[in-house]
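The values are calculated or read from the model by the stated rules, or taken from the named source; none is laboratory data. These numbers were taken from a predicted model, which means no experiment stands behind them. Quick reminder, even Gly has a Cβ in these numbers, built from the backbone with ideal geometry, and neighbours come from all protein chains shown. What goes into the accessible areas is simple: the full protein's heavy atoms, side chains included, and nothing from ligands, DNA or RNA. Shrake-Rupley method; radii C 1.70, N 1.55, O 1.52, S 1.80 Å.
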Amino acid sequence: MTTLLEAISTAVHGDERRMVHEDARQVILAARKCLNGDNAGLYASFHVSAVEAVIANLLPACMGRTRQCSVAMAVVDHARALLDGTHVSQSYPAQRRLRILFHSAHRLLVISQATPRRRQRWRRHLNSSQRR
C-alpha cells in the first residue's frame, strides 16, 4: 500500500505509471471486497464506474504489450468492448457487470505490470503447453 508521502513524491518526480498501477490495485481490491460482502448487490453500482475508469487508464499501457501475445490481445479487445458499450454486459445488473469488469481490470493490471522477461517466460509456457 502506498503512503501519502510516497504518492506525493511519485507525483512530483513523475512516476505516473506507478501511480496508475497503485490506483488500479486499490480500486480492484475495493471491488473485490464489495463482491465478497453481504450487501454486494446494494453497493455494486457504486464501484462499476470506478472499475471502468481503471480499465480506461490501463488500456493505453497494455496496447503496446499485446502485439506478440494472442491471449493478451484477447484481454485488451474484451476490455475495449466493455468500455465501448458493445459488450452484452451493458444490460446486466450492477453486481454481475461489476464481476465482469473486475476480472477484466485484474487481467489488464497483470499485463501492464509484466516485464519483458516475464512476458517471454509466459509466451514460452504457452507455446510448450500448446505443443503437447
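Summary of computed values
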| item | result |
| --- | --- |
| Single residue of the range 46-74 satisfying the filter (among the β-branched types (Val, Ile, Thr) and modelled with pLDDT under 85) that is nearest to ALA24 (Cα to Cα) | THR66 |
| Filtered residues of the range 88-104 (kept if open to solvent by 20 Å² or more (accessible area, probe 1.4 Å) and either closer than 13 Å to CYS62 by Cβ or in contact (Cβ under 8 Å) with a residue 12 or more places away in the chain (or both)) | PRO93, ALA94, GLN95, ARG99, ILE100, PHE102 |
| ALA94 vs. criteria hydrophobic (A, V, I, L, M, F, W, C) and over 27 Å from ARG124 (Cα atoms) | yes |
| Qualifying residue in the range 36-45 (condition: at pLDDT 75 or above and either open to solvent by 70 Å² or more (accessible area, probe 1.4 Å) or under 21 Å from VAL110 (Cα atoms) (or both)) | yes |
| Scope the range 96-122; condition modelled with pLDDT of 85 or more and over 16 Å from ILE28 (Cβ atoms); matching residues | ARG96 |
